[in-house]
Amino acid sequence: MLENPKNSHISTHTVVFAKNVIQTLEDMTGVSFVLKEDSFQESSFSSSFNMIAHIHFVGTIEGDYLLSLNEVLAAKLIDAYEDGMSEQNLREIRADYGDFIKEVLNTAVGWSITKLEQTFGNLTYTYCVLVYGEIQFPEVSSGGVKIARENGEILCGFSLNLVKLKIGRRLEEAKAENVRMKMELDIARRLQEMVLPSPKELKLIDDLDIAAFMKPADEIGGDYYDVLRREKGHTLIAIGDVTGHGLESGVLMMMTQTVIRTLLIHGETDLTKFLNTVNQVIHNNAQRMQIDKIMTLALLEYHAGKLRISGQHEEVIIIRKEGRVECLDTLELGIFMGLRNDASQFFYETTISLEPGDSVILYTDGITEARNLETNMYGQKRLCQVISQSWEGSAEQIKNAVVKDVYRYIGKQEILDDITLLVFKRRQ
């Protein structure tokens, strides 16, 4: 076997491959070829043959095997060639000998794999692709030998693949970029967590026992909730869900939080005006940012046993004494935020009474649409059952019962959407 001190692996690969091609051709067609071992050349591998089948190996040594035949030779090998055939005739039967060359290559490669693994360890390979026309390889370590017979010459070659090296450099660059982006996402996630009401703040709310839970599907979530104290025992509660999740959704969520708190500071009390102002800010900023994001948003204001509700979001679940469940549909109370600049005519308000011991549950669809490994959804019915069974507990206990049941249901399934739950209960 040929030996090349500088690149012996190239000559080893090439000759092994060429010998297997010869054996394959003889087995399949009865045509014998001779390996011209002295024809081995190390160069930038280039071929002017019109048909090239190439296969890629991945393993200890990476590279491309090349089997090159001109179209006349390919047609002769399958007894499809006749004297005087035109190039047009050859093109018409190309599919037939294209399949033949694939079969030759796959069989020869199968034998080569077995022999090469003995030397170089485990290798994997992809099936060949046929390339018509000239192919040029870069100035890299490569080589080839010819196998010949009266029918014509076949070129077998091996080109050491530099793609891995290029990918390697790009991979390092991508890793560095990912580290930078992760740091930015971590900062954004931390900012998002910081603007959410803390358990300490929630305990200061008069007349209400409140507990909350949020788990983003990604580093940055699109869910939003807030609990804000107003003067004279008024409490403003907000919950929303930006479409999707990730950085853009998180940015829109933080915009919403800022606008709501700003309006509160300036004394806005009309919930429909409140919502339309938020809507205008979201719409205009989404347009400027060129992002296709909208959100649901509901505002609830509690004072002295009365709960005013406006805006479109998931159904509001109310648990009365003895676990009786009521569901309030918010579909007619608002519109998706950000769809249009002025949506004032779409916002309406309703009021319900809360007796001591009554609870209200707000949530995003990350709970009701959570899926298990069988891809079945958790659903609102199961959510109501869990809440009804734990209604006597504190807001924290109700929250924990729901979260525990949702995670039990999901099991090992990936969390596909942000999960947010807000429970508040009128104190006895």
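Run lengths n ≥ 4 of DSSP H only: what is the helix-derived mean residue ellipticity at 222 nm for the chain, with -39500 (n - 2.57) per run over all residues, to the nearest 500?
Calculated from helices alone, the mean residue ellipticity at 222 nm is -13000 deg cm²/dmol.
Please give me the summed charge of the neighbours of ALA108: other residues whose Cβ is under 13 Å from its Cβ, Lys and Arg +1, Asp and Glu -1.
0
Counting only other residues whose beta carbon sits under 15 Å from that of GLU92, what net charge do I get with K and R as +1, D and E as -1?
My count for the surroundings of GLU92 gives -3.
So how do 87-94, 271-278 stack up, highest first, on mean other-Cβ count within 10 Å?
Ranking the peptides 87-94, 271-278 by packing returns 271-278, 87-94.
Can you report the principal axis dimensions of the stretch 196-426 using only the alpha carbons, biggest first, rounded to whole angstrom?
45, 44, 33
Which one, (1) 84, 59, 42; (2) 102, 42, 42; (3) 77, 60, 53, gives Cα extents along the principal axes in Å as derived from the coordinates shown?
(2)
Which helices count as membrane-span-like in the chain under these terms: full DSSP H, at least 18 Å along the axis by C-alpha, Kyte-Doolittle mean of 0.5 or more?
Working: long enough: 8-29 (31 Å, 0.15); 94-120 (36 Å, -0.19); 163-195 (46 Å, -0.56); 247-265 (27 Å, 1.24); 271-289 (27 Å, -0.37); 395-410 (23 Å, -0.23).
Correct list, ordered by number: 247-265.
Where Lys and Arg each count +1 and Asp and Glu each count -1, what net charge lies around LEU362 among other residues with Cβ under 13 Å from its Cβ?
It works out to a net charge of -4.
At a 10 angstrom cut-off on C-beta neighbours, averaged per residue, how do the peptides 359-367, 382-390 rank from highest to lowest? Each step should come with its number before you reach the end.
Details: 359-367: 24.7, 382-390: 17.9.
For the peptides 359-367, 382-390, the packing ranking is 359-367, 382-390.
Which cross-chain or sequence-distant (5 or more) residues have an amide H under 5 Å from the amide H of LEU130, H modelled 1.01 Å from N in plane?
Distant-sequence amide H within range of LEU130: zero hits.
Rank TYR378, TYR224, TYR125 by mean-square fluctuation in a GNM of the chain with C-alpha springs under 10 angstrom and give only the top-ranked residue.
Its mean-square fluctuation being the largest, the pick is TYR125.
Starting from the stretch 197-277, pick out the GluC sites (Glu not before Pro) whose DSSP state is loop and whose Cβ has at most 16 other Cβ atoms within 10 Å.
Answer by residue number: GLU268.
Rule-based calculations on the coordinates, nothing more; no lab input. Note that this is a predicted model, so its numbers are computed, not measured. All Cβ positions, even for glycine, are placed from backbone atoms using ideal geometry, and neighbour counts span all protein chains on display.
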